[in-house]
Amino acid sequence: MFKKIVVVGMGYVGIPVAAEFANAGFDVVGVEIIKWKVDWINKGKCPIQGNEPGLTKLLKKVVKNGKLRATKDFMECRDADAILICTETPFDLKRKEPDYSALKSAVNSVAENLEKKSLIVVESTIAPKTMENVVKFILEKNGKKAGKDFYLANCPERVMPGKLLHNIENLDRVVGGIDKKSQELAVELYSHIVKGKLYPTDCLTAEIVKTTENAYRDVQIGFANEIALICEKLGVDTFKVRELVNKCPYRDMHLPGAGVGGHCLPKDSLLLAYSVKDKIDPRMLMTAREINETMPLHMVELIKECFKETKKDLKKSKISIFGLAYLANSDDTRNTPAIPIIEKLKENEANVVIHDSYVKKFDEGNITDSIDEALKGSDCLVLVTAHDEYKKINLKKIKKLMRTPIIVDGRNLFSKEECEKEGFVYRGIGK
Ligand code: SAJ
């Protein structure tokens with residue numbers, strides 16, 4: 001039924017799904033507007049740098065055996081049996097609406113190159129009603145009709161950096177079709193690469209499920225963060241409280257932390273809320289979002305508390321940010337809570353050095369992959385991301401390197417007791 005598949009958007013979603021379909025025997029073409037990504041992929045090199053088990057090897061294999069190639073040319077859509085759209089869908093906080101520029105550009109380019117009765121599948125996370133009001137609208141602009149001249153479905157991605165291939169292969173997926181036939185075709189297509197269950201439904205339900213599943217997690221984390229702020233005031237370790245709370249059946253208190261980054265959580269509840277704009281005000285979703293957005297600023301408050309206690313001036317101090325990525329052991333820095341922390345510290349005229357072994361370059365500052373270099377002469381270690389390598393930090397050793405022994409722990413990585421025993425001034429989210 002399907003032979004040639006075009007995947008539009010060679011990012012965290014498009015690359016692994018293209019590799020999976022190529023490995024399943026389909027002829028896959030990755031269409032990407034950024035030239036260096038096209039070139040890397042055609043050399044079998046993976047543009048995603050974090051540790052992604054199996055991805056680099058799989059990509060090299062399917063490029064070598066000719067099942068996957070990349071191009072900038074949307075004309076590849078003309079003889080495609082299926083076209084997957086995997087472009088970013090950020091939320092524009094200033095305009096309080098989704099930024100669909102990438103999605104619209106991709107769908108327009110597909111619309112201009114639609115010559116077969118292709119199945120078009122949107123994997124990007126979109127606000128409910130986007131399939132109807134944006135995607136279908138653009139695809140039908142040249143007089144074509146969904147269901148008649150092309151099939152249309154929404155199969156929301158459930159990727160997570162660090163588990164890109166694992167999630168595609170093993171997680172259940174919702175498959176929303178614009179009509180029954182589109183639904184059936186999309187289920188058939190994904191059954192070649194998804195071992196998890198495929199749940200057919202309509203497009204609107206699929207859009208709501210995806211944004212809801214992440215809004216749910218954002219609220220869970222917001223709850224944990226609010227409990228952390230309460231426990232800090234009461235002088236109790238939230239992580240001990242959480243452990244005991246979760247002994248109670250049907251409880252699943254999440255982890256408080258320095259903030260909520262990534263490509264999904266910071267925006268998906270906003271996409272969901274946008275779909276009912278001017279109709280209802282989803283207060284719980286927005287309050288949780290707000291709590292999560294204040295956690296990086298709370299980290300700066302904890303840093304200021306430590307400087308006050310040690311009678312040090314933040315101005316001209318050296319502060320070491322440990323972890324620029326939004327997620328442990330990943331190179332993905334999208335919406336990382338480290339940025340608002342760095343910005344606030346710079347406003348206070350501190351000198352900020354960033355350590356992250358996964359993130360190779362950072363436009364707004366200097367980044368090092370040497371822990372010693374990051375901590376030499378430092379007045380404060382700020383733990384933002386719990387990369388595994390930080391668990392091996394030797395407190396005695398770093399105390400000798402630092403100018404002022406202060407640790408502010410955003411991910412419960414260090415033990416307060418051990419830090420204080422070694423002479424550090426310690427603050428931790430929720431501790
Ligand atoms: N975080 C917390 N506390 C928690 C969990 C996460 O502060 O208890 C923070 C993380 O540090 C990170 C952010 O939230 O900054 C997001 O973490 P995440 O584990 O949710 O990672 P994501 O953003 O990659 O989440 C994705 C989502 N999956 C999809 O969108 C398909 C999310 O719904 C999944 O639960 C998650 O992957 C997963 O665990 O697979």
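The values are calculated or read from the model by the stated rules, or taken from the named source; none is laboratory data. Bear in mind the structure is a predicted one, so any value in this text is a computation, not a measurement. In this analysis, Cβ positions are derived from the backbone assuming ideal geometry, glycine residues included, and neighbour counts consider all displayed protein chains. To get the accessible areas, we keep the full protein, side chains included, count just its heavy atoms, and leave off ligands, DNA and RNA. Shrake-Rupley method; radii C 1.70, N 1.55, O 1.52, S 1.80 Å.
Of all residues in the stretch 379-412, those satisfying the criterion of being within 26 Å of N225 (Cβ to Cβ), away from the ligand (no atom under 16 Å from the Cβ) and among the hydrophobic types (A, V, I, L, M, F, W, C) are C380, L381, I393, I406, I407.
Among the residues of the stretch 13-25, the one identified as crowded, with 23+ Cβ neighbours inside 10 Å and assigned to a loop (DSSP other than H, G, I, E, B) is V13.
Given the structure, is L93 crowded, with 19+ Cβ neighbours inside 10 Å and not assigned by TED's automatic domain parsing to the domain that holds C264? When the stated conditions are applied, L93 does not pass them. K141 - would you say it is more than 16 Å from the ligand (Cβ to nearest atom) and either in a loop (DSSP other than H, G, I, E, B) or over 28 Å from the mean Cα position of the chain (by Cα) (or both)? Against the criterion (more than 16 Å from the ligand (Cβ to nearest atom) and either in a loop (DSSP other than H, G, I, E, B) or over 28 Å from the mean Cα position of the chain (by Cα) (or both)), K141 qualifies.
Assessment of the stretch 299-308 against the conditions (assigned by TED's automatic domain parsing to the domain that holds V384, buried (at least 21 other Cβ atoms within 10 Å of the Cβ), within 14 Å of the ligand (Cβ to nearest atom) and under 17 Å from A338 (Cα atoms)) yields at least one matching residue. For the stretch 315-351, a residue qualifies if it is open to solvent by less than 20 Å² (accessible area, probe 1.4 Å), over 22 Å from K163 (Cα atoms) and not in a helix (DSSP H, G or I), and the qualifying residues are S317, I319, S320, I321, F322, A350.
What residue, among those in the stretch 249-286 that are away from the ligand (no atom under 16 Å from the Cβ) and among the β-branched types (V, I, T), is least open to solvent (accessible area, probe 1.4 Å)? Spell out how you get there, then give the answer.
Residues of the stretch 249-286 that are away from the ligand (no atom under 16 Å from the Cβ), as a first pass: 249-250, 273-284, 286.
This time we only want the ones that are among the β-branched types (V, I, T), so: 276, 280.
Numbers: V276: 46, I280: 112 Å².
If we take residues in the stretch 249-286 being away from the ligand (no atom under 16 Å from the Cβ) and among the β-branched types (V, I, T), then V276 is least open to solvent (accessible area, probe 1.4 Å).
For the stretch 172-224, taking the residues that are farther than 15 Å from L270 by Cβ, without any contact (Cβ under 8 Å) to a residue 24 or more places away in the chain and open to solvent by 50 Å² or more (accessible area, probe 1.4 Å), the one that is nearest to the ligand (Cβ to nearest atom) is identified as S191.
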